[in-house]
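To start, the structure itself, in structure tokens.
Only the coordinates and a few stated rules stand behind these numbers; no lab work does. Only a predicted model underlies this, so the values are computations on that prediction, with no experimental measurement involved. Every residue, glycine among them, receives a Cβ derived from its backbone with ideal geometry; neighbour counts consider all protein chains shown.
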Amino acid sequence: MSAVIIRPEEVGDETAIRLLLVNAFGGEAEARLVDELRSSGEVVLSLVAERDGEIRGHILFSRLWVHNAGERFAAVALAPLAVHPGHQHEGIGSGLVEDAHARLEAQGEKLSLVHGEPAYYGRFGYSRERAAGFETIYQGEYLQARAWDDAAPAAGRLDYPQAFADIG
Ligand SMILES: CC(C)(COP(=O)(O)OP(=O)(O)OC[C@H]1O[C@@H](n2cnc3c(N)ncnc32)[C@H](O)[C@@H]1OP(=O)(O)O)[C@@H](O)C(=O)NCCC(=O)NCCS
């Protein structure tokens, strides 16, 4: 069996990513989110995990703005993350998050937000406490943040891409 390769999404991957998302989430909402983010040009990083020529995992970060004290700070939103149901618990999800974080930090990103299961995202440095000061309709026990820079804001209004509102 060949190794898992994690690489940036390429033109031509769209259909395989869509199928993966529909399979992993059991619905179309996340696939529509990704389609919209691509169209609106708000994707910051989109990676796939490939094995034996087959896309088995996908992670995407889009541009999120933090408005604080009259200033605008560029952050990223992690969503969605998906691994094919037949290949979960093989470390693919963790590999995607860790690889993506290394790339984002190298690109100069300073803050990431996620709305998801704290027991999972806590493994990758996300915490509820770091996100508690933000204003957003997603505020609550599932909103978590991780920063690569202590100077990144811990308060302010989060402005997500329109695509998040569109999928409900
Ligand atoms: C969540 C998901 C991306 C994890 O991917 P994965 O490749 O199976 O994850 P990994 O193999 O890296 O890690 C598996 C570990 O995470 C844990 N885990 C997986 N999903 C979890 C969840 N929702 N809550 C808490 N822990 C979870 C597993 O119990 C496992 O723990 P172990 O290593 O102690 O056995 C995958 O299960 C998935 O695509 N789920 C459906 C879509 C989804 O819910 N995406 C996340 C949206 S927030």
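One table, with the values for the structure above:
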quantity: More than 22 Å apart - percent of Cα-Cα pairs taken over region 62-143; calculated: 28 percent
quantity: Nearest 10 degrees, 0 to 90: helix 14-25 Cα axis against the chain principal axis; calculated: 80 degrees
quantity: Positive minus negative residues near residue 3 (Lys, Arg vs Asp, Glu; Cβ under 15 Å); calculated: -2
quantity: Along each principal axis, Cα extent of region 5-166, largest first, Å; calculated: 48, 30, 28
quantity: Over region 97-168, equivalent-ellipsoid semi-axes from the Cα gyration tensor in Å; calculated: 19, 14, 14
quantity: Chain lengthening between residue 167 and residue 32 when straightened (0.36 nm per residue, less Cα-Cα); calculated: 47.9 nm
quantity: Given charges at beta-carbon only (K, R positive; D, E negative), |dipole| of the chain in Debye; calculated: 260 debye
quantity: Within region 91-130, backbone nitrogen closer than 12 Å to the virtual label 7 Å beyond the Cα of residue 148 toward Cβ; calculated: 98-112
quantity: ³J(HN,Hα) computed for each position of region 53-70 - Karplus, 6.51 cos²θ - 1.76 cosθ + 1.60, integer Hz, glycine/proline x; calculated: x, 10, 7, 10, x, 8, 9, 9, 10, 10, 6, 10, 10, 10, 9, 8, 6, x
